[in-house]
1. With a 1.4 Å probe and all protein chains left in place, how much accessible area per residue does the chain have, in Å²?
2. Averaging sequence separations of C-alpha pairs under 8 Å and six or more residues apart, then dividing by the length of segment 38-160, give the relative contact order as a whole percent.
3. Would you work out the relative contact order for segment 12-75, in percent, from Cα pairs under 8 angstrom that are 6 or more residues apart?
4. For K42, what charge total do you get from the other residues with a beta carbon under 14 Å from its beta carbon, if Lys and Arg give +1 and Asp and Glu give -1?
5. Got a number for carbon plus sulfur as a percent of the chain's accessible area, 1.4 Å probe?
6. Could you check how many percent of all C-alpha pairs in segment 89-140 are farther apart than 15 Å?
7. Where Rh denotes the Kirkwood radius from the mean inverse Cα pair distance, what is Rg over Rh for segment 35-91?
8. Treating the beta-carbon of each Lys and Arg as +1 and of each Asp and Glu as -1, no other charges, what is the dipole magnitude of segment 7-107 about its Cα centre, to the nearest 20 debye?
Amino acid sequence: MQPHPQEHEAAPPSGWGARLRQAANIVAALMFAAVFLIFNYKIITRYLEHDEAVWTDEVSVILFIWIIFWANAFLIRDREQITFDLCYRPMPDTTKRWMALARLLLVGGIFVWALPGTLDYLMFLWRERTPVLSLRLDLVYSCFGIFMIAVVIRQAVSAVKLLGPRWRRHI
């Protein structure tokens, strides 16, 4: 017989959400591995072959951009973000709930407001290309659009959870 998790403890993730999160984790790990391999390739070509692999800088920068926005869109939870919570922590749970809802609505609202202009600009970038590999910039920076959409969805889902009957688990 397995012990029941305490009410304040989060249950381990399961189901399709856990599989999607694991897939996102694998994608991030593969991008980090690619950066590592490209970095080592650049060192080998520069110091052992006395040649310059210029494309490696461009690909590394693109991968770092994707890693940052990918991880923040799909892997980093709100509780893992760095926060200034001196005013939040000492409050009673009901006040925390309303403060969290206000934050979710504010952040989500700002992202919803900025989303059309951001997506429009990202679509405009198809005209521009990277200097070395001539990759389309709309594809390079599409990770930012994905990130913004993920933030809006995450804020909305979190707000719904805080309005539900088990809201104490989510403050």
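1. That works out to 73 Å² for each residue.
2. Across segment 38-160, relative contact order equals 31 percent.
3. Relative CO of segment 12-75 lands at 46 percent.
4. Summing Lys/Arg as +1 and Asp/Glu as -1 gives -4.
5. Roughly 68 percent, rounded to a whole number.
6. It works out to 64 percent of all Cα pairs.
7. Dividing the radius of gyration by the Kirkwood radius yields 1.33.
8. In debye, rounded to 20, segment 7-107 gives about 460.
The values are calculated or read from the model by the stated rules, or taken from the named source; none is laboratory data. All of these numbers come straight from a predicted model, not from anything done at the bench. Methodologically, a virtual Cβ is constructed for each residue, glycine included, from the backbone with ideal geometry; neighbour enumeration extends over all protein chains shown. These accessible areas exclude ligands, DNA and RNA; they are computed on the full protein's heavy atoms, side chains included. Shrake-Rupley method; radii C 1.70, N 1.55, O 1.52, S 1.80 Å.
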